[in-house]
Amino acid sequence: MWAWGTNNSGQFGNGTTNYSTIPIQIGFESNWVSVSASMYHSLGLKSDGTLWSWGSSNYGQLGHGNTIAQFIPTQIGSANNWVYITTGLDNSFAIKSDGTLWGWGRNEYGKLGDGTTINKLVPTQIGTLGGWQSVSCGAQYSVAIKTDHSMWSWGRNEFGQLGDATTVDKLTPNQIGISGIWVSSKSGMLNNLAQTTDGLLWA
């Protein structure tokens with residue numbers, strides 16, 4: 001794993017807050033399979049299915065049960081069945097091998113999707129169903145795709161960024177669009193793009 005750019009919150013994971021203009025290796029391990037970088041914190045997934053985080057944790061976005069920053073990768077819990085990770089500005093999501101969705105960190109506008117607006121300091125399951133494939137985080141909202149190619153959204157909706165033909169915030173995932181056709185979604189700060197199985201792009 002390699003990192004570069006700003007490191008003011010320890011989001012590199014190399015034990016410092018020094019920035020770098022070139023890629024620098026983080027540790028000596030070579031079993032990282034994916035990483036997700038936010039402005040102030042990072043998530044990493046290893047080949048053994050373990051989940052790791054580092055950087056700022058002012059809203060609990062590192063998932064360690066506190067708001068203490070970590071300057072090196074630190075494992076979240078003991079589970080080893082994580083398969084997908086993504087970071088929002090100050091929150092995090094991960095999916096387990098059973099398809100369940102988990103979120104933690106800041107929860108303004110209900111952007112974690114657990115039915116509340118209370119910050120979560122540890123991974124908290126979103127709903128009771130599995131089948132989640134991917135999540136894309138915008139500013140205070142999220143859009144997710146399930147394995148059945150359905151699309152879901154939750155959180156802030158002031159500008160219609162949830163895509164449900166309203167401007168009403170949602171505290172839990174709500175299905176949007178035509179069922180069974182969505183393959184990917186990417187969220188901007190207050191807007192969203194999604195691709196369907198026929199290769200068309202929607203916004």
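The values are calculated or read from the model by the stated rules, or taken from the named source; none is laboratory data. Worth saying up front: this structure is predicted, and the values here are computed from it rather than measured. Note that we place each Cβ from the backbone using ideal geometry, even for glycine, and neighbour counts take in every protein chain shown. Side chains are part of the model used for accessible areas, which takes the heavy atoms of the whole protein and leaves out ligands, DNA and RNA. Shrake-Rupley method; radii C 1.70, N 1.55, O 1.52, S 1.80 Å.
At a glance:
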item	result
Qualifying chymotrypsin sites (Phe, Trp or Tyr not before Pro) for segment 2-81 [loop in DSSP, other Cβ within 10 Å: at most 14]	Y19, F28
Distant alpha-carbon pairs in the chain (separation over 28 angstrom), percent	25 percent
Whole-number Å³ per residue for the convex hull built on Cα positions in segment 68-168	101 Å³
Modelled FRET efficiency - R0 41 Å, S30 with L193, Cβ distances, 0.05 increments	0.75
H149 accessible area, 1.4 Å probe, all protein chains in place, Å² to nearest 10	60 Å²
Those aspartates and glutamates that a straight Cα-Cα span of less than 16 Å connects to K146, excepting residues fewer than 8 apart in one chain	D98
Residue among G131, G55, G63 with the largest mean-square fluctuation in a Gaussian network model of the chain, springs linking Cα atoms under 10 Å	G131
Chymotrypsin sites (Phe, Trp or Tyr not before Pro) lying in DSSP loop within segment 102-184, provided at most 15 other Cβ fall within 10 Å	F159
Unit charges on C-beta of K, R, D, E only; dipole of segment 132-193, Debye	100 debye
Residue of T74, T167, T50 that the Gaussian network model of the chain assigns the largest fluctuation, springs spanning Cα pairs under 10 Å	T167
